[in-house]
Structures are given as C-alpha cells and as structure tokens.
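The values are calculated or read from the model by the stated rules, or taken from the named source; none is laboratory data. On a predicted model such as this, the values are computed, not experimentally measured, just so you know. Ideal geometry is used to build each Cβ from the backbone, glycine not excepted, and the neighbour counts take in all protein chains shown. For the accessible areas, the whole protein counts, side chains as well, though only heavy atoms, and no ligand, DNA or RNA atoms are used. Shrake-Rupley method; radii C 1.70, N 1.55, O 1.52, S 1.80 Å.
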Amino acid sequence: MDLITMDDLTNDESISLLEDAMKLMPVARGLTHLPLLEGKVLGNLFFENSTRTRLSFETAMKRLGGEVLNLSEVGSSVKKGETLYDTMQMIEGYADIAVIRHPRQGAAQYAADAVEIPILNAGDGAGNHPTQTLLDLFTIRQGHGTIEGLRVVLVGDLRYGRTVHSLSRALSRFGASLTLVSPESLMMPQEIVRDLKSDGCDVSETSDLISTLPSADVVYMTRIQRERFPDEAEYEKVAGIYTLNSQDLTSSHSNMMIMHPLPRVNEIHASIDSTSHAWYFKQAFNGVPTRMALLCRSLGVQIPEVIN
Ligand code: CP
C-alpha cells in the first residue's frame, strides 16, 4: 500500500493506524523489544533536507527490528544525473518499502508508479506530507481525546506548506472547524479551500493571528518556506510575520495546544517551551509510533492486540 496523500486513507483506516501507534508507544520509547519487521529493509530516500521525518522513520524501522538504507542526493549517483525512475528501479531491488522526500510536487506519485514496493510520501515539494498528518492527528487526540468539533487555527505559509495542505483535508474530514491565518501572498490555495468547503468544513480566512487565540483548541504554527519562493525579495516581505510568545497566550484556554511541524525559525518563542501549551516536541516524537504503525500496515504485518 502506498501513501501519497491523505486521500489514500479512509477515516477508519487513519483511526486504526492511530490506535496501532498508541499500542506501539512502549516499543517507540525503547521499553519493549518487538522485532515485527525483522528481515525487512526500508529505503529512506531524501532528495531534500530533513531531521525529524528521516530520523523518526529510521528509529521506527530499527525499533521494530528492521534495517534501513539511506540515500541522499549528496553521496549517491543522483549527483551524477541518474533519473528518479532509474533510482527507483535500483531501490526496488534493495528494499522492501521506501520513503521518499523530493522537492518536486508529484514526485512521490511518480516514484510509486515506477515500482511495485510500497512508497510513502515524506513530502513532495509544496504538495503533501501525509505521514506528518498522521502524527499531527495522533498528537491532537493525545491532547484533546478527539478531533471532531475542535477549533483548529493553521498559521503561516499556507501556500507552500505541504504539512497544512495534508492536515487541513484530514481535519475537515474528521469534523474540525478551521481558521486559516496567513498574509495575502501566502493564503491556502483556493482549490484546497474549495474542497474543504465542499466537504462541509466550517472554514474561515484571516491575516490576524491574535484575534483567533481566545477560542482556539489547537494553534498550528508553520515556518515560511523560504526555499519555495521564486524571489528572495518576496520572502523578505513576509519573513517573521507571525511569532508567538507566552504573553500572547493569556487569553487562551488552559488546554490550548500549540503545534508546529518544525523546524521553527522564529514562529514560537522559547518562553512557550516550558508552558503546558507547548506540544511541538512531543509531536515530533510521535513520528516514531505513527510511522511504526504505518510501516507495519504497509508491509502487511499485524500488530498484536496487547504489547507488554
Ligand atoms: N516536520 C518535518 O517534516 O520535519 P523535517 O523537515 O525535519 O523532516
């Protein structure tokens, strides 16, 4: 099974993955040894930089007894001009499943079409980042126990931010209401907003972050995606436009969650790190159990009902 966008999963399948991830928590933390993926090899193909996605997939595979091959542009024959198609033919011979991150939107689907092994999209340009969405949903359920009925504010670079493209679709399908906060030049693509509305999602758009804070259950901050701007001068106009510090949160609910896919640049001040609102580091850890659950499902490996 490939995972290219969140449309590849039904809500029931997503929930089942989140429940499997919850069962796998002791394995993710290294407290329980459970070599479900012994003998399996993951190809970690990163044509763009990553800390969390690459390392949490690697940890997930290794905690489950599997092996990992890492390919990056530097140090591989990609640098000599090998095509993505040819690279995928090689990976199919070396690995049982592959994770791909690529700067080109659509590259993950292209890779999936080129081979028979399961392909997991770890971010394709400004397109999608569905495995991030799974860990985001897991984290929201950890904090609020549900997704349905929550008021979620998505903030920052909604134009180029693949995390919010995938997450908004999933939240809408789970019955959250959405407030989209961005400057005009970085608004959510209108085709996505149209789809959200046609799903019946209660969605509004504004450029004013502070006014959204008193009623928010989740505030999902994002980095301005500097690397996607065709013109540096356009980036400079919006760099640092949304920042939160602990003073901004005095009107917020005590259980309001601040999330961020990370890396942060200056969107969340360190003064928030020690507050109960800070969920972003737990969120990053949650990449391990959710990606464990996804690797097992994609490789057809059943997770035991009870894990001690
Ligand atoms: N959230 C995320 O994708 O982080 P990395 O770019 O470090 O993988």
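Here are the numbers for the structure shown:
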| quantity | calculated |
| --- | --- |
| Segment residue 70-residue 239, extension gain: residue separation times 0.36 nm, minus the distance between their alpha carbons | 57.6 nm |
| Extension gain from residue 86 to residue 266, taking 0.36 nm per residue of separation minus the Cα-Cα distance | 60.9 nm |
| Rounded percent of accessible protein surface that carbon and sulfur make up, the chain, 1.4 Å probe | 47 percent |
| Karplus 3J(HN,Hα) series, Hz, for region 33-38 with 6.51 cos²θ - 1.76 cosθ + 1.60 (x for Gly, Pro) | 8, 9, x, 5, 10, 4 |
| Segments 155-163, 298-306 sorted - mean Cβ within 10 Å per residue, highest first | 155-163, 298-306 |
| Solvent-accessible area per residue for the chain (1.4 angstrom probe, square angstrom) | 43 Å² |
| Calculated FRET value between residue 1 and residue 276, using beta carbons and R₀ = 45 Å, to 0.05 | 0.75 |
| Max mean-square fluctuation residue, GNM over the chain, Cα-Cα springs under 10 Å, options 78, 219, 153 | 78 |
| Sequence-distant aspartates and glutamates (8 or more away, or on other chains) whose Cα lies within less than 14 Å of residue 197 | 205 |
| Debye intensity ratio in log₁₀ form over the Cα atoms of the chain, taken at each q of 0.12 Å⁻¹ | -0.79 |
| Relative packing of peptides 129-142, 226-239 - highest average C-beta neighbours within 10 Å first | 129-142, 226-239 |
| Rough spin-label spacing in nm, given labels placed 7 Å along Cα→Cβ, for residue 197 and residue 232 | 3.8 nm |
| Acute angle (nearest 10 degrees) that the helix 84-94 long axis makes with the longest principal axis of the chain, alpha-carbon atoms | 60 degrees |
| Förster radius 30 Å - calculated FRET efficiency between residue 148 and residue 62, Cβ distance, rounded to 0.05 | 0.30 |
| Residue list for region 46-70, given a label point 7 angstrom along the Cα-to-Cβ vector of residue 79 and an amide N cut-off under 16 Å | 46-49, 70 |
